[in-house]
Amino acid sequence: MVKGRITIAEIADELGVSVPTISRVLNGKEDVAAQTRVRVEEALTRHNYRKPVAANSTSRSADLLDLVFHETGSGWALEIIRGVEQAAGPEHIGVVLSHLGGSHRPSKKWLENIMARRSIGVVLVLSGLDEAQRQQLDARSIPYVVIDAYGEPASNVPTVGSNNWNGGLVATRHLIGLGHKRIAVISGPSDVLCSRARVDGFKSAHDEVGLDYDPALIRWGNFEKEAGYQHGFELLQGPKRPTAIFAGSDYQALGVMRAARELGLLIPRDLSIIGYDNLPVSDWLTPSLTTVNQPLAEMAMLATRTLISMARGKPIASPRVELGTDLVIRESTAPPAG
C-alpha cells in the first residue's frame with residue numbers, strides 16, 4: 001500500500017466500517033457516532049489520505065469559496081472583500097463570508113460547515129488553522145491560503161502579504177527626515193506578525209541614522225479607532241509628548257486625531273500623524289492623512305487566484321508572496337514646531 005494512495009474502501013476495511021461511513025465523515029455529515037468519527041479522522045491522517053481533486057470538484061452543485069476574517073467591521077476588511085470578489089466573480093465562484101468574533105482560530109463547527117458544503121477552498125485573513133484542522137482539510141483536498149498571517153505559518157501553507165517592515169521603515173524615515181526626534185508608534189497586537197514587522201521597521205529607521213527611540217513610545221493596539229484614541233491620549237499628555245505618531249492602521253490614526261483634537265493640538269503644527277493601509281477615507285480627512293499604501297485589494301485578488309489554481313490541481317509559483325508598500329504623503333505630516 002503506497003502512503004497517500006490509500007482508498008476509502010481500504011480505510012473502511014481496516015476500521016471495520018462501511019465505505020458510506022468514511023464518505024460521510026469526509027463530507028462533514030453529522031450522522032456518524034463521535035467515537036467512529038475520531039477513528040476515521042485518525043486513519044485519514046495516519047495514511048495521509050487526500051481526496052482526489054477531480055472527485056471533489058464534480059460533486060459540488062455550485063462553486064463556493066470561504067473567506068474567513070477574525071473581524072469584519074472596518075474599511076480594511078471591505079478592501080479585502082472587494083479584491084476577493086474581483087477574482088472570484090469572473091470564475092463564477094460564490095463567496096461565503098465568515099467572521100470569528102476576534103478569534104484567530106476557527107471553531108470546530110466552522111470546520112464542519114466547510115466540509116458539509118464542500119467549499120473549493122478557504123481564504124483566511126489574519127487568522128489560521130491548527131495542525132488538526134489543516135489535516136482535515138488536506139484529507140478532503142480543500143486548499144487554503146492565508147492573507148496577513150496571524151502567527152508563523154507552517155512552511156507548506158501558502159501566504160500572501162505585504163512588506164510590513166518596509167512600511168514601518170519608510171513611514172519613520174519620513175518623520176525623521178522632517179526633523180522629528182521623539183516619535184511614537186501605535187502598532188497592532190504584539191503577537192501578530194505584521195504588527196511586529198512594522199515596529200521592526202520603525203526601529204530600523206532610527207538605527208540607520210543613530211537616533212535613539214524611547215521604548216515607552218512603542219505601544220501595541222488592535223488596529224481599531226479606540227486603541228488609537230486611548231494610546232494617543234496617554235502619549236500626548238505631559239511635557240515629554242512625542243511630536244509625531246506612526247499609527248499601525250488608518251483607523252488607529254483616526255483615534256489619534258481625535259485625542260489630539262481633544263487635547264487642543266493642531267495637526268500637523270503640533271503633531272504629525274502617519275497611518276497605514278491607505279484606505280479611501282484617508283484622503284477625505286481634514287487634514288488628509290499621510291499613510292503607508294498597502295495593496296489590500298491586490299493581495300486579496302492574488303490570494304483568491306492562488307486558491308482557485310490549487311482547487312483545480314494546478315501548481316502555484318510560490319507559497320510565499322509579499323507585495324510592496326510605499327508612502328503616500330499628504331497633509332498630516334510637517335516639520336516639528338520650532
#### Entry: From phi via Karplus (6.51, -1.76, 1.60), per-residue ³J(HN,Hα) for the range 186-201 in Hz, x at Gly/Pro
10, 8, x, x, 5, 9, 9, 4, 5, 4, 5, 5, 5, 5, 4, x
### Task
With springs only between Cα atoms under 10 Å apart, run a GNM on the chain and tell me which of 253, 132, 87 wobbles the most.
132
### Query
Just the accessible area per residue of the chain, please: how many Å² with a 1.4 Å probe?
45
### Task
For the chain, find the longest principal axis of its Cα atoms and tell me its angle to the long axis of helix 34-46, 0 to 90°, nearest 10.
80
#### Entry: Counted charge near residue 232, where neighbours are those whose Cβ lies closer than 11 Å (Asp, Glu -1; Lys, Arg +1)
+2
### Message
For the chain, set up a GNM with springs between Cα atoms under 10 Å and report which of 273, 218, 316 has the largest fluctuation.
### Response
316
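Take every DSSP beta bridge whose two residues both sit in the chain, then give the antiparallel share in percent to the nearest 5. All intermediate terms of the calculation are to be shown ahead of the outcome.
On the way: 3 of 38 bridges.
Antiparallel bridges make up about 10 percent of those DSSP assigns within the chain.
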### Task
Beyond 36 Å, what share of the Cα-Cα pairs of the chain is found? Please give it as a whole percent.
32
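Distances longer than 25 Å among the Cα atoms of the range 230-338: what percent of all pairs is that?
On the way: 2136 of 5886 pairs.
Everything past 25 Å amounts to 36 percent.
Any chance you could list the semi-axes, whole Å, largest first, of the equivalent ellipsoid that the Cα gyration tensor gives for the range 71-208, using √(5λ)?
Values: eigenvalues 236, 54, 33 Å².
Each semi-axis is the square root of five times an eigenvalue, giving 34, 16, 13 Å.
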### Query
Once phi is turned into ³J(HN,Hα) by the Karplus curve 6.51 cos²θ - 1.76 cosθ + 1.60 with θ = phi - 60°, what whole-Hz value does each residue of the range 131-139 show in order, with x for glycine and proline?
4, 5, 5, 4, 4, 5, 5, 4, 4
### Query
To the nearest 10 degrees, how steep is helix 250-262 against the longest Cα principal axis of the chain, on a 0 to 90 scale?
30
### Query
So who's got an amide H within less than 5 Å of the one on residue 144, skipping anything under 5 residues away but keeping other chains? H placed 1.01 Å off N, in plane.
122
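Normalising by the residue count of the chain, find the relative contact order in percent from Cα pairs under 8 Å and 6+ residues apart. Don't skip to the answer; put the middle values down first.
Numbers: 676 pairs, mean separation 60.5, N = 338.
Relative contact order for the chain comes out at 18 percent.
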### Query
Non-local amide H neighbours of residue 322 (under 5 Å, H modeled in plane, Pro and chain starts lacking H): which ones?
161
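Highest first, please rank the peptides 282-295, 219-232 by the mean number of other Cβ atoms sitting within 10 Å of their residues.
Values: 282-295: 19.9, 219-232: 22.4.
Going from most to least packed, we get 219-232, 282-295.
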#### Entry: Distance between modelled label sites at residue 320 and residue 155, nm, 7 Å Cα→Cβ extension
1.0
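Based only on the alpha carbon positions, what is the Kirkwood hydrodynamic radius of the range 59-142, in angstrom?
13.3
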### Query
Got a sec to turn the phi values of the range 301-309 into Karplus ³J(HN,Hα) couplings, 6.51 cos²θ - 1.76 cosθ + 1.60 with θ = phi - 60°, whole Hz, x for Gly and Pro?
4, 5, 4, 5, 5, 4, 4, 4, 4
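The values are calculated or read from the model by the stated rules, or taken from the named source; none is laboratory data. Just so it is clear, the model here is predicted, and its values are computed rather than measured. Neighbour counts run over all protein chains shown; Cβ positions are idealised from the backbone, glycine included. Accessible surface areas use protein heavy atoms only, side chains included; no ligands, DNA or RNA. Shrake-Rupley method; radii C 1.70, N 1.55, O 1.52, S 1.80 Å.
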